[in-house]
Structure formats: structure tokens, C-alpha cells
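Working notes for the structure below.
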Amino acid sequence: MNCLSPSLLASDFARLGEQVVLLDEAGAQYVHIDVMDGNFVPSISMGLPVIKSIRPCSDRIFDVHLMIEEPVRYIDDFVDAGADLITVHTEACGHLDRTIEAIKETGVLAGAALNPATPLSVLDYILPKLDMVLLMSVNPGFGGQKYIPYTTEKIRDLKKKIDRSGQQIDIEVDGGVNLNNVREIMDAGANIIVAGTAVFKGDIRRNVESFLKIMEQ
Ligand code: DX5
Ligand code: ZN
């Protein structure tokens with residue numbers, strides 16, 4: 001299924017609850033929550049108490065993107081806070097298999113994220129255990145960056161790999177996605193689209209509706 005996952009990093013934090021409700025009403029199926037630790041990535045964003053406080057605002061899938069070192073330490077806490085899907089970076093896990101197992105044991109969905117330059121071969125053995133692969137299309141750490149063009153080829157290669165495996169694994173693309181490039185990204189094989197700036201800049205409802213319209217085609 002094709003789903004839009006607006007990234008709250010670009011939202012107005014003073015009106016966070018209201019904006020989460022608005023995304024739901026406009027039809028966005030996921031809510032993308034970027035957690036940064038100032039270590040794996042340079043910035044620090046939001047964490048457990050924020051997720052907990054917006055959980056009652058929406059029944060949509062809380063898609064928690066952990067840009068933190070050794071996320072295995074916090075899996076249970078993010079599940080308790082309200083995550084439905086937890087994605088960890090392959091580059092941030094000393095023991096990726098153990099981390100993915102820890103996520104799955106809690107019953108939520110498990111994703112693995114790859115930085116732009118990380119080769120798909122890191123997924124060779126872990127792929128069957130994943131519900132989703134997140135391909136970063138910018139270097140993680142900040143919203144509002146430009147889409148890295150070689151990502152499109154990487155999405156195509158990942159799609160082939162997943163098709164060959166015969167499994168149903170979602171492909172999420174995150175960073176620099178907008179109304180002008182989303183079609184190309186989906187044609188390459190992505191089905192979960194993260195968009196921060198392109199959703200929150202201007203009229204949020206209209207932006208969500210415009211994305212969903214293109215994504216249906
Ligand atoms: C970057 C984050 C992204 C970011 C996307 O590290 O993972 O989710 O918020 O923002 P835009 O859509 O503005 O590139
Ligand atoms: Zn993200």
C-alpha cells in the first residue's frame with residue numbers, strides 16, 4: 001500500500017498536537033517521528049515524552065525513525081511511548097540482528113535504515129526479518145536538504161532485491177522529497193514517502209492532499 005509519512009521535524013512544535021490531528025484529517029496514513037541523539041547525527045530533535053504526549057492525538061501509524069547510536073537500549077521505551085514501527089540505522093547498530101529481534105519481540109513493525117552511501121549488501125541476510133527498509137535520500141540530521149539523485153537507482157536495485165526474495169517488504173524514502181520528484185521515487189519502487197518541508201511549508205492540508213493525489217496514480 002502507498003502511504004504518506006509527514007515528518008514532524010518540519011512542524012510547528014508550539015502547535016504539535018494540533019498539526020498531528022490535521023495530518024490525520026487530511027488523510028496521511030503515517031506520522032514520521034525523527035529522533036536524533038546529537039551523536040549518530042549532529043542535531044538533537046525530540047524524544048520519548050513528546051511521542052507519548054502526541055499519541056492520543058492520532059490513531060495513525062507512528063513511524064519512529066531512530067537516528068541514535070545503539071538504539072537497542074531504548075526499544076521498549078519507544079514501544080511504551082506509542083511507536084507502531086521502529087526503524088534503526090544499520091550504521092548505528094553493533095548488533096543489527098539482535099536489535100531487529102528486540103523490536104520484533106515487542107510486536108511492533110521493524111525497519112532498517114541506510115544512509116545514502118551505505119550499500120544494499122548490508123541487507124543480504126537480514127532482509128527476511130524486516131517489515132520495511134528506509135533509504136535515506138539525504139544525509140540524516142536535518143530537514144530541508146536536497147534529494148541526492150543517485151538514490152533513485154538505489155531504490156530500483158532494492159525493489160529488485162525484494163522482489164527476488166518473494167517477500168512483502170515496504171520501501172520508505174526519506175529526505176528532500178517534494179511534489180515534483182515523488183512520482184519518480186514511487187516509480188522506482190518506493191511505497192512509503194516521508195516529506196517534511198514539502199508538507200509543512202504553506203497549507204498543510206492542501207500539501208497532504210496534493211501528495212496523496214499523485215501517490216494514488
Ligand atoms: C532527516 C530526517 C527526515 C527529514 C525530512 O534526517 O530523517 O525525516 O525530516 O525532511 P525534508 O522532507 O524536509 O527533507
Ligand atoms: Zn526521518
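Read the figures in this text as sums done on the coordinates, not as results from a lab. Quick caveat, the model's predicted, so the values are computed rather than measured. Glycine also receives a Cβ, built like all others from the backbone with ideal geometry; neighbour counts cover every protein chain displayed.
Excluding F40 itself, what net charge comes from residues whose Cβ is under 11 Å from its Cβ, given Lys and Arg +1 and Asp and Glu -1? Each step should come with its number before you reach the end.
Values: positive: none; negative: D37, E69, E70, E91.
Cβ neighbours under 11 Å give a net charge of -4.
With +1 on each Lys and Arg Cβ and -1 on each Asp and Glu Cβ, and nothing else charged, work out how big the dipole of the chain is about its Cα centre, in Debye to the nearest 20.
With Lys and Arg at +1 and Asp and Glu at -1, about 500 debye.
Can you give me the Kirkwood hydrodynamic radius for the chain, using every pair of distinct Cα atoms, in Å to one decimal?
Numbers: mean 1/r = 0.0587 Å⁻¹.
Across the chain, the inverse of the average 1/r is 17.0 Å.
So how long is each side of the stretch 1-45 along the principal axes, counting just the alpha-carbon atoms, biggest first, in Å?
34, 29, 10
For Cα pairs less than 8 Å apart in space and 6+ apart in sequence, what is the mean separation divided by the residue count of the stretch 138-199, i.e. the relative contact order in percent?
Numbers: 73 pairs, mean separation 25.0, N = 62.
40 percent.
Using the Cα centre of the stretch 1-124 as the reference point, and only Cβ charges (+1 on K/R, -1 on D/E), how large is the resulting charge dipole? Debye, rounded to the nearest 20. Can you show the working numbers first?
On the way: 7 positive and 19 negative charges, 30 e Å.
So the dipole magnitude of the stretch 1-124 works out to roughly 140 debye.
Of the listed peptides 121-134, 184-197, what is their order by residue-averaged count of other C-beta atoms within 10 Å, with the highest listed first?
Working: 121-134: 17.1, 184-197: 21.5.
Top to bottom by mean Cβ count within 10 Å: 184-197, 121-134.
If you average the sequence gap of Cα pairs under 8 Å that are 6 or more apart and divide by the length of the stretch 1-114, what percent do you get for the contact order?
Working: 194 pairs, mean separation 24.5, N = 114.
Dividing the mean separation by the residue count of the stretch 1-114 yields 22 percent.
The stretch 33-75 to the stretch 115-180: how many Å between their Cα centroids?
If we compute the Cα centre of each part, the gap is 20 Å.
With contacts defined as alpha carbon pairs under 8 Å and 6 or more residues apart, what's the relative contact order of the chain in percent? All intermediate terms of the calculation are to be shown ahead of the outcome.
Values: 419 pairs, mean separation 46.3, N = 217.
Relative contact order of the chain: 21 percent.
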